[in-house]
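One structure is given below, encoded as structure tokens.
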Amino acid sequence: MAIVVNGTRVAPPDDPRVSLLDLLRDRLHLSGTKIGCNQGACGACTVLVDGKRVLSCLTLAAQVDGRSVVTIEGLGSADDLHPLQAAFIEHDGFQCGYCTAGQICAATAMLEEIAAGMPSYVTEDLGADGIAISRDEIRERMSGNLCRCGAHNGIVDAILQVATEKVA
Ligand code: FES
Ligand code: FES
């Protein structure tokens, strides 16, 4: 089997104890994914596995054998920014940038969760046809991604802009 990372097949590590985070950063040198708490509390290590957001510090590389992993390097590039990357720049959604890759990967999957009709704790009308995107919805759904610089208002503004454009 193989792990497909940003479209490239890579062999899973021989050691089954290697985390997905360590595989990405230390072995594949994809340093966009950051290590923060290394215990599932900050979201800095968030990547996409088969389109769903996962904390790569709590995921073994062996668990994603045969699956598709996308990191920030696979979402966009300096010459071809992902819409969320462009919106984060426009809205000052970062300061030091340490949390940003995790924020953008999480937001990418989060917008798909909303589009799929998955409610959150703050969704008011569970019977409505579609979920109304609001600042509260975004804050609740992004609450697992901490920003030590306190750029949360800009982060919410950026995500709200992309979410609004998506449904427009
Ligand atoms: S480094 Fe994975 S959640 Fe903090
Ligand atoms: S921009 Fe510095 S931690 Fe979020």
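The values are calculated or read from the model by the stated rules, or taken from the named source; none is laboratory data. As the structure is a prediction and not an experimental result, all values here were calculated from the model. Neighbour counts are summed over all protein chains in view; Cβ atoms, including those assigned to glycine, are modelled from backbone coordinates with ideal geometry. Surface accessibility is based on the protein's heavy atoms, side chains included, excluding ligands, DNA and RNA. Shrake-Rupley method; radii C 1.70, N 1.55, O 1.52, S 1.80 Å.
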Next on the checklist: Using alpha carbons only, how many angstrom separate the centre of the stretch 6-55 from the centre of the stretch 91-115?
Outcome noted: 16 Å
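Per residue, how big is the convex hull of the stretch 83-167 when only Cα atoms are used? Give it in Å³. Don't jump to the answer; show the numbers that get you there.
Values: hull volume 6.6 nm³, N = 85.
Each residue corresponds to 78 Å³ of Cα convex hull volume.
How large a share of the accessible area of the chain, in percent, is made up of carbon and sulfur atoms when the probe is 1.4 Å and the other protein chains stay in place?
On the way: 4430 of 8810 Å².
C and S fraction of accessible area: 50 percent.
How much accessible area per residue does the stretch 3-75 have, in Å², with a 1.4 Å probe?
Details: 3530 Å² over 73 residues.
On a per-residue basis, the stretch 3-75 sits at 48 Å².
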Next on the checklist: Using Cα springs under 10 Å in a Gaussian network model of the chain, which residue among Cys42, Cys96, Cys105 shows the largest mean-square fluctuation?
Outcome noted: Cys96
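Considering only DSSP beta bridges with both partners in the chain, what is the antiparallel share in %, to the nearest 5? Can you show the working numbers first?
On the way: 11 of 13 bridges.
Antiparallel: roughly 85 percent of the beta bridges in the chain.
Give me the percent relative contact order of the chain, please, defined on Cα pairs under 8 angstrom at least 6 residues apart.
Numbers: 280 pairs, mean separation 39.7, N = 168.
Taking the mean separation of contacting Cα pairs over the length of the chain, I get 24 percent.
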Checklist entry - Which distance in nm do the two modelled labels at Ala2 and Ser134 give, with both placed 7 Å along the Cα-to-Cβ direction? => result 4.7 nm
Checklist entry - Which whole-percent values make up P(r) of the stretch 11-168 when all C-alpha to C-alpha distances are grouped in 5 Å steps starting at zero? => result 2, 10, 18, 22, 19, 14, 9, 5, 1, 0
Checklist entry - In whole Å, what are the Cα extents of the stretch 3-75 along the three principal axes, biggest one first? => result 28, 27, 21
